[in-house]
Amino acid sequence: MSVIRLGGIALFSSLFLTACLPPNMVNGGLGNPWAPPYSTPAPAPISYVDVYKYQGSRQCENGGVPLAEMQRELQAANIPVSNSSCGMDGRMYPAFCGGADGKINVFSIPSDAVNAARSYGYYLFSDLPGAQRTSCYRGNNSSASTTTSSDGITYPYTGGRGDGSYYSYQ
């Protein structure tokens, strides 16, 4: 019983002696561990990565998945999109109706969401060395030699038979 009493007295006296220490000596000289730090570190900047997915359009045909629809797909998967645009993959394709045209949709997403986007069929834009961002427009079906789109840009030859392929107005 005297051992328990002696231990209690030692514990009680150490608590009183700790209360007499200045605040910078408590906890190994680290100061008050519950006090907020003097300066909080700045949050890490968010880095963005460009990803793309083919529209699925074909030469001589209007079609493919629109940019807005793909953006909704990403947002439905909780992948925030900071910027979006259309593009071309930079590859050459033989010119024939029904053939691939190389049109892609490009999105800027946070770099930590790339794996989630890949699970939906998106790829890194940097993996296409010749790829370019282009304007998202639809050529009209007139037979005029130039066309002015709704965004005010004049594009050469659009074709007269509903030819909306990339090669018909480049």
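Worth pointing out:
- Considering the conditions (1) exposed (fewer than 12 other Cβ atoms within 10 Å of the Cβ); (2) over 30 Å from the mean Cα position of the chain (by Cα); (3) at pLDDT below 90, residue 147 is excluded by exactly one of them, (1).
- The residues on offer are 87, 162, and the sole one that is more than 20 Å from residue 46 (Cβ to Cβ), at pLDDT below 95 and in a loop (DSSP other than H, G, I, E, B) is 162.
- Hey, residue 113 surrounded by 11 or more Cβ atoms within 10 Å (Cβ to Cβ), more than 19 Å from residue 89 (Cβ to Cβ) and modelled with pLDDT of 90 or more or not: yes
- Of all residues in region 58-112 being without any contact (Cβ under 8 Å) to a residue 40 or more places away in the chain and among the polar types (S, T, N, Q), the one that is nearest to residue 136 (Cα to Cα): 84
- For region 55-101, the set of residues classified as over 24 Å from the mean Cα position of the chain (by Cα) and aliphatic (A, V, I, L, M) consists of 92, 95, 100, listed by residue number.
The values are calculated or read from the model by the stated rules, or taken from the named source; none is laboratory data. Computed from a prediction, not measured in an experiment: that's the story for all the values here. Here the Cβ is made from the backbone with ideal geometry for all residues, glycine too, and neighbour counts use every protein chain on show.
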